[in-house]
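Data block below; observations after.
The values are calculated or read from the model by the stated rules, or taken from the named source; none is laboratory data. Keep in mind the model is a prediction, meaning the values are calculated, not measured. Remember, those area values only see protein heavy atoms, side chains included, never the ligands or the DNA or RNA. Shrake-Rupley method; radii C 1.70, N 1.55, O 1.52, S 1.80 Å.
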Amino acid sequence: GGGLVARETEPSWTPVFVSCCAVVMEVGGPMQHGAIIAREYGIPCVSGVSDATTLIKDGDVIEVDGSTGTVVILESEEDGVKV
């Protein structure tokens, strides 16, 4: 599956997490619904990423490290951009 990049998530999105390999959200923190569900499924998640939905484009290859809270765009039209 691909990564989920969203402004925020809500409980009705829970089924979407099953096919995700990572989650990046603009709004929230460690106790936000999306972060909790990601932890339950063992999916790396970083929340509170300003402008994530603008900076990360469909098809970009990203690296998400939930332990350090970092998101790196590995492949994009603008190589090497760090979020």
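Figures for the structure shown
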quantity	calculated
Elements of type strands (runs of 3 or more DSSP E) contained in the chain, each with 1 or more residues being among the small types (G, A, S)	3-6, 22-25, 45-47
Filter result for the condition that a residue is of a type in the set (G, A, S), at positive phi and open to solvent by less than 70 Å² (accessible area, probe 1.4 Å), over G3, G66, G28, G34	G28
